[in-house]
Amino acid sequence: MKKLTIIPVAMILCYSLIMTGDTLQSGYTNGNITYSITKTMAAETAETDQEDNDSGSEPYFSKQWALYNDGTFSLNTNAPDGTEFNNGGFYNRGGFSMKNPYKVPGKNEFKGNSGKYTENIFPNTDIIKYSNGSSGTQYNALASAVAGIDLAVEKAWETVGDEGREVLVAIIDTGVDYTHEDLSDAIWTNEGETAGDGIDNDGNGYIDDVYGWDFYNNKAYVYNSRNASEYDHGTHCAGTIAAAINNTGIAGIASNGNVRIMTIKALGGKDGSGDTASITKAIKYAESMGADICNLSFGTTSYDEEMGTAIENSDMLFVCAAGNGDSSGAGVNTDDTPLYPAAFDFDNIVSVANLKYDGTLDASSNYGISSVDIAAPGTYILSTTAGNGYEYLSGSSMSAPMVTAVLAMTYSYFEDISVLDAKDIILSTAEPLDSLESKVAAEGMVNAYNAVTADIDSILDE
């Protein structure tokens, strides 16, 4: 058994299991660079500069560029002291922001009334660092969107409606807040089990597994609100897939009433640690309980045969994050430097790279014409976090559930296909992008509308 630890991207080449979505950059010793709308914005939901979309749909379209991108997406945030700050706003504790910085021609700096901005302080990222003596450090994340770089989700919803077979998606991760206002109706429960009676009612070897199983603590899964932040990563993945389509919070891509989330916790603690034995047990549990698709937003550079065998022998389709680069935060070619499970050469795996709002791979995203299948939005993704929260996170961890959701939608809509057929459909209908040539096998980004309107007979007869 290999002990694996979820760590910041800066340590990606260690023999460790990493959650591929916690950081935007490397070299920042204080850990995660994430943007929390519950902590840094006055409103409970995000406000952006994106204009109203033509359809007049619910406001989540202005917050989730991956659903609808009209090219105007940018973030307006407030610094901890309330100072307005445009174009993102990832800050270190004690930092503050300045208005109207300007770039000095020929220099790699931005200057304001005091202090300075340093461009690309973290290599291969969009991060700009502002520092001002004792006032602390400000990290500014730039955003420049391109219209049409999205999943065409609204048109896909109009096509699929609320019909189709039920699809069960397992999320093996840090756990999911199944009480979340935007997720509670989408959570799978084990109807063969009676809660709290201490009996294995369905005889599956797990007592009281009403909400799934916690392989990290080896007990029936229960969301622990006293340690809510531990569950953020898994909850974020779940929201991208299945958050309710309503006027609350965000909208999940596959929230047509037929997708359910199976919660399986195999990672945990303040550092998000886990081990291959727990991951393998979690995979087998998901299989035995009827999951169709399994989202794995983590990875390791260490090959593990037991985990690989569990995946290869499963009837589930696995969607895996391609990973977030090397020790300097630069994406690596996983054809040469594999990251598992994404790089396992199995038919039932889809490996996903992180696409930015401008149609290019995030500089931190791994790639590989043989080892990575497709790209999906993964930078500045707004989704659910524990305790009825909503946060912007970035990384291929955020890209994987985008593809998981489109696969679930496609598999639900075309009721006679297999999950492997669904994989062929989404890869064949990827939206081509010049920036992805020779980077991913499909040379394009996932597109929900293309998938559900495809001539599937011609695709599956090939």
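Read-outs throughout are calculated quantities, based only on the coordinates presented, and are distinct from any laboratory measurement. All figures in this text were calculated on a predicted structure; none of them were measured in a lab. Here Cβ is always computed from backbone atoms with ideal geometry, including for glycine, and neighbour counts include all displayed protein chains.
Data overview
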{"quantity": "Dimensions (Å) - region 153-460, Cα atoms, principal axes, largest first", "calculated": "57, 44, 36"}
{"quantity": "Within region 153-460: Cβ-based charge dipole about Cα centre, in debye rounded to nearest 20 (Lys, Arg +1; Asp, Glu -1)", "calculated": "720"}
{"quantity": "Three-way shape call for region 246-341 based on the alpha-carbon gyration tensor, with the a/c threshold at 1.5", "calculated": "oblate"}
{"quantity": "Potential extension, residue 461-residue 181 segment - 0.36 nm per residue separation minus Cα distance", "calculated": "96.5 nm"}
{"quantity": "Percent RCO, i.e. relative contact order, over region 263-333, from Cα pairs under 8 Å lying at least 6 residues apart", "calculated": "29"}
{"quantity": "For region 153-460: relative contact order, % (alpha-carbon pairs under 8 angstrom, 6 or more apart)", "calculated": "20"}
